[in-house]
Amino acid sequence: MDLPKHYSSETVEKKWYDHWMAQNYFHSEPDEREAFSVVIPPPNVTGVLHMGHMLNNTIQDILIRKARLDGKNACWVPGTDHASIATEAKVVRMLREKGIKKGDIGREEFLKHAFAWKEEYGGIILEQLKKLGASCDWERTRFTMEESLSKAVIQVFVDLYRKGRLYRGLRMTNWDTDALTVLSNEEVIYEDENSRLFHVRYQVEGTDEYVVIATQRPETIMADTGLAVHPDDERYKHLHGKRVIVPLVNRSVPIITDTYVDLEFGTGALKITPAHDPNDYELGEKYDLEVIDIINLDGTLNELAQFCIGEDRFVARKNIGKLLDEAGALVKIEDYRTRVGRSERTNAVVEPKLTLQWFLKMDEFAATALEAVSSGDVKFYPENMWNMYNSWLKAENVRDWCISRQLWWGQQIPAWYHGEEVFVAANEEEALAEARERLGNPDLQLSDLTRDEDVVDTWFSSWLWPISVFDGFENQDELKYYYPTDTLVTGWDIMFFWVARMIMSGYEWAPELLGKEHLIMPFRNVYFTGMVRDSKRRKMSKSLGNSPDALALIDTYGADGVRYGMLSSGSAGNDIIFDAPLDPKTGQVLNESKLCAQGSKFCNKMWNALRLVSSWERDASKAEDPISQMASIWIESRLSQVNKEVTRLIGEYRLSDAIMELYKFIWDDFCSWYLEMIKPADGKIAEVTYQRTASAYEQMMTLLHPFMPFVTEEIWHGLKERAAGDDCIVSKWPEAREFDEALISRVTLAQQAVVKVRETRATKGVKATEKLKMFTQAGSPGEELVKDAGLRAAIEKMAHLEEVSVTDVEPSNTVAFLVGNDTFYLELNEEVDVEAEITALEKELEYQQGFNASVMKKLNNERFVNNAPAAVVDRERKKAADSEARIKSLTAEIERLKGLL
RNA sequence: GGGCGAUUAGCUCAGUUGGUUUAGAGCACCUCGUUUACACCGAGGGGGUCGGGAGUUCGAGUCUCUCAUCGCCCACCA
């Protein structure tokens with residue numbers, strides 16, 4: 001068999017993914033096995049694969065593949081989210097480029113374009129996930145705006161309305177002046193930005209006195225309907241009950257007093273613009289002030305402003321500033337830093353605006369969602385995410401969810417209006433029937449009703465995801481089997497958008513759909529990944545351009561290499577600093593990563609181990625030699641040990657630790673020690689040794705398979721002839737057997753002996769291959785190592801020694817070192833500097849004495865001996881005995897050497 | 001202004017009921033080495049008083065308090 005020197009991820013990965021798909025391994029149907037389901041956090045249908053996706057989908061894939069190996073019926077449901085604002089914005093832009101305006105073509109036509117766009121460009125990300133190796137059940141791919149899922153949204157809307165948990169109201173909302181829609185609070189990103197604070201004076205009516213206020217938004221002055229001061233503010237007490245004249249528009253407005261006003265800030269006087277500020281709106285309500293709305297939906301000023309009509313609010317800001325100055329009302333302008341809210345999707349500065357919207361009452365939902373996690377029904381990893389969750393959902397912080405959006409790409413709200421009456425129903429026929437009945441007018445026609453133009457928030461469809469992907473609102477056949485899902489893997493940044501709301505919806509509808517005896521949480525566990533950040537700790541994002549090209553990374557390092565890289569840094573909840581360096585010229589992130597490179601090197605290492613093993617000529621007549629005999633039992637023991645450990649770590653979601661454990665085991669134990677020990681000089685290996693080696697190697701590959709599926713599958717096939725359909729992916733997770741712990745520690749000692757020899761060679765400048773003799777003295781505990789034929793031979797082979805023996809003869813021209821507690825002597829061919837050896841041994845002795853002293857300090861402490869657990873005390877006694885033995889060995893050797901001087 | 005989390009080797013991080021040799025890994029670094037799996041390699045080595053201080057304990061990287069620095073989340077200060 002001629003294998004290339006370098007592992008080629010490109011060809012291997014394509015080959016196996018195609019094979020898995022052809023064999024339909026990822027598909028799941030309900031059966032008698034235990035179900036293990038995971039629903040993907042649906043990426044935006046417009047999205048492309050980025051680092052966050054790679055991290056989070058690698059983790060899901062590991063969990064799913066492990067479950068599959070454990071013999072569970074593993075089902076990973078993929079899909080995409082219609083992402084209303086983001087997608088609609090893209091389609092609008094695309095149409096604009098074609099010279100088509102959204103408003104001109106109407107809703108239906110627009111949706112056709114949008115669906116066509118989705119068919120052509122949407123879902124690229126799912127193809128990219130295949131490159132990563134994601135073992136999703138692609139036959140189950142869902143989309144939040146497909147018919148069944150949309151029906152579920154409508155059904156839920158109607159249900160909530162009938163339960164009295166939905167209401168429509170005029171509220172101060174966050175308005176996106178670009179997308180022309182309202183936004184939920186969560187969709188507004190606040191950041192500190194530079195601004196200017198205008199100090200403007202208002203004349204007190206009927207006097208020559210002025211009150212100076214400070215504002216960042218002079219363009220809203222024309223909408224002022226009041227001025228507020230603190231009731232206890234001595235500066236303004238004489239003005240209580242008086243009125244001031246708003247500059248430019250010369251409107252007379254009342255001075256009100258309220259403790260909301262901060263005495264310390266600015267001049268202590270505040271202009272009140274109920275239409276354009278949430279706080280002012282509240283004050284306006286309280287004091288019954290007029291609401292004058294001077295800003296259009298697109299952010300321009302309307303006629304009511306009287307000035308700067310038609311100008312954008314930011315243009316008007318400058319111009320009004322000038323006008324105020326000309327009118328002598330502008331006192332000064334200060335530079336100021338303040339929090340500005342921008343739309344998460346369009347980056348437009350959010351305009352507080354009074355609009356009529358649909359809201360979902362959240363108090364009950366929030367209480368349920370809190371209880372679900374505090375009771376332990378839903379477990380969080382890491383646990384401390386509870387704090388963030390709790391602070392968001394506790395009663396005093398919960399706000400009703402604004403679910404309507406002034407967009408077309410989404411599920412249209414199933415509400416019809418006739419005058420003041422509202423009819424909410426699953427379809428127009430039902431709405432009409434209800435309207436006829438309630439209005440007592442059997443002749444009422446559909447054309448007499450007006451349907452709500454708005455759609456629901458995208459999250460109002462994704463919060464149903466764990467149920468709706470199984471068509472659970474229509475029938476419960478699959479839901480019964482797959483629900484609840486096992487683990488949700490997502491970033492903590494969407495804990496409130498999505499995780500909490502899925503819990504709410506699960507507890508709301510699962511009992512109705514499945515009955516209360518069925519488990520009702522949407523998932524048992526939530527694994528929160530951290531944010532992937534760049535080397536400057538900035539969140540990776542498209543706009544910053546600091547994210548490496550995910551697909552380019554896969555091309556360079558292979559999916560296995562990238563998966564390794566994503567995992568080997570960080571743990572649950574902690575942010576990951578991705579190590580891609582920056583281009584010094586452009587400041588852009590380079591598609592280079594040490595971690596991913598390490599992963600691809602690891603693939604190459606394993607590949608070459610296969611090359612080595614495959615290169616041996618197998619000889620059925622050859623007997624197993626003592627080294628191989630010993631080494632096989634050792635590697636099998638270690639394998640079982642590692643198996644147990646890795647299983648435990650995966651169960652605790654400690655995936656980085658698990659992959660690191662496997663990395664060290666495969667690289668160090670298997671490649672550096674085991675293979676080197678059994679490596680035949682003549683290239684001929686006993687058949688039995690080959691089989692045991694292949695079997696151990698195969699098991700290692702299975703343990704690593706969930707993490708690095710491609711290379712492990714490739715090697716697994718390279719080791720043995722396989723029957724058709726007998727694939728790694730469906731093979732069993734190996735059983736962890738009892739392991740020979742005593743042998744493991746003996747091998748550790750043997751390794752120590754080898755390292756000491758190598759170290760001695762390095763420091764004395766003796767060639768690594770120069771044949772030397774080593775011995776220990778008769779009657780010493782080190783005999784155990786030498787008496788074991790396999791171990792002795794292994795030491796000789798690994799350290800290039802001619803002989804390791806037990807002897808009575810007095811050492812001569814030797815270098816002594818400790819192996820375990822005993823002294824071993826290495827005979828050198830050149831003259832040994834006795835004084836230097838004494839110095840070296842004395843240094844070692846000093847360390848051992850220090851160590852012994854610290855142990856004895858504990859043991860001589862009565863309180864320690866009395867209070868510490870017996871096992872701990874025993875361990876300390878063992879340490880003491882060991883170090884005493886070492887001290888004895890060292891002292892004796894030092895004495896002997898001194899006698900030579 | 002509240003809350004959460006960090007601070008361990010040059011870098012990125014482990015260290016999960018306080019005791020497993022007076023701290024570990026990977027990368028980086030230094031020395032040596034082309035021995036027929038792998039130079040995407042092998043062998044060896046240096047490097048940390050676990051942010052500072054105090055406390056609890058027989059025993060603290062681990063628990064408590066405090067200070068410092070840095071992140072992040074939430075909040076209506078014009």
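The values are calculated or read from the model by the stated rules, or taken from the named source; none is laboratory data. The structure displayed is predicted, hence computed values, not measured ones. Methodologically, a virtual Cβ is constructed for each residue, glycine included, from the backbone with ideal geometry; neighbour enumeration extends over all protein chains shown. With ligands, DNA and RNA removed, areas are computed over all heavy atoms of the protein, side chains included. Shrake-Rupley method; radii C 1.70, N 1.55, O 1.52, S 1.80 Å.
See the values below:
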read-out: Options A:272, A:292: the member that is within 14 Å of RNA strand B (Cβ to nearest atom) and crowded, with 18+ Cβ neighbours inside 10 Å; value: A:272
read-out: Number of positions in region A:820-865 that are among the aliphatic types (A, V, I, L, M) and assigned to a loop (DSSP other than H, G, I, E, B); value: 2
read-out: Among the residues listed as A:758, A:737, A:722, the single one being out of contact with any Gly (no Cβ under 6 Å at 6 or more places or on another chain), at pLDDT 90 or above and open to solvent by 40 Å² or more (accessible area, probe 1.4 Å); value: A:758
read-out: Looking only at region A:345-392, and only at residues there that are within 14 Å of RNA strand B (Cβ to nearest atom) and without any contact (Cβ under 8 Å) to a residue 24 or more places away in the chain, the one that is farthest from residue A:59 (Cα to Cα); value: A:391
read-out: Of all residues making up region A:556-591, the number that are open to solvent by 10 Å² or more (accessible area, probe 1.4 Å), at pLDDT 70 or above and in a loop (DSSP other than H, G, I, E, B); value: 1
read-out: Residues satisfying the stated conditions in region A:628-666, i.e. assigned to a helix (DSSP H, G or I), farther than 28 Å from residue A:691 by Cβ and acidic (Asp, Glu); value: A:657
read-out: Checking residue A:301 against (1) touching an Asp or Glu at 6+ places or on another chain (Cβ under 6 Å); (2) within 16 Å of RNA strand B (Cβ to nearest atom), the condition it does not meet; value: (2)
read-out: Residue that is most open to solvent (accessible area, probe 1.4 Å) [pool: residues in region A:369-399 that are among the polar types (S, T, N, Q) and under 26 Å from residue A:173 (Cα atoms)]; value: A:397
read-out: Given (1) away from RNA strand B (no atom under 11 Å from the Cβ); (2) part of a loop (DSSP other than H, G, I, E, B), number of the condition residue A:773 does not satisfy; value: (2)
read-out: Count of residues meeting criterion [in contact with a strand residue (DSSP E or B) (Cβ under 8 Å, 6 or more places away or on another chain), of a type in the set (Ser, Thr, Tyr) and either surrounded by 15 or more Cβ atoms within 10 Å (Cβ to Cβ) or not in a strand (DSSP E or B) (or both)] in region A:243-269; value: 3
read-out: Any hit, region A:793-813, residues being away from RNA strand B (no atom under 15 Å from the Cβ) and part of a helix (DSSP H, G or I); value: yes
read-out: Set A:134, A:86, A:116: member being touching a residue at least 12 places away in the same chain (Cβ under 8 Å), assigned to a helix (DSSP H, G or I) and not acidic (Asp, Glu); value: A:86
read-out: Region A:278-316: number of residues that are of a type in the set (D, E, K, R), under 40 Å from the mean Cα position of the chain (by Cα) and over 21 Å from residue A:250 (Cα atoms); value: 2
read-out: Qualifying residue in region A:178-192 (condition: more than 18 Å from residue A:404 (Cβ to Cβ), within 13 Å of RNA strand B (Cβ to nearest atom) and small (Gly, Ala, Ser)); value: no
read-out: Residue A:197 being within 10 Å of RNA strand B (Cβ to nearest atom), assigned to a strand (DSSP E or B), touching a residue at least 24 places away in the same chain (Cβ under 8 Å) and surrounded by fewer than 20 Cβ atoms within 10 Å (Cβ to Cβ); value: yes
read-out: Contacts under 6 angstrom Cβ, first residue in region A:220-240 being among the aromatic types (Phe, Trp, Tyr), partner not in a loop (DSSP other than H, G, I, E, B), 6 or more apart; value: A:236/A:229
read-out: Selection count where residues are under 21 Å from residue A:288 (Cβ atoms) and within 14 Å of RNA strand B (Cβ to nearest atom), scope region A:212-235; value: 11
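Here is a yes/no grid of residues against (1) among the β-branched types (Val, Ile, Thr); (2) open to solvent by less than 20 Å² (accessible area, probe 1.4 Å):
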| position | (1), (2) |
| --- | --- |
| A:790 | no, yes |
| A:794 | no, yes |
| A:808 | no, no |
| A:825 | no, yes |
| A:837 | no, yes |
| A:869 | no, no |
| A:880 | no, yes |
| A:887 | yes, no |
| A:893 | no, yes |
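Yes or no, residue by residue, for (1) within 16 Å of RNA strand B (Cβ to nearest atom); (2) of a type in the set (Val, Ile, Thr):
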| site | (1), (2) |
| --- | --- |
| A:447 | no, no |
| A:461 | no, no |
| A:466 | no, no |
| A:476 | no, no |
| A:482 | no, no |
| A:491 | yes, no |
| A:499 | yes, yes |
| A:530 | yes, no |
| A:539 | yes, no |
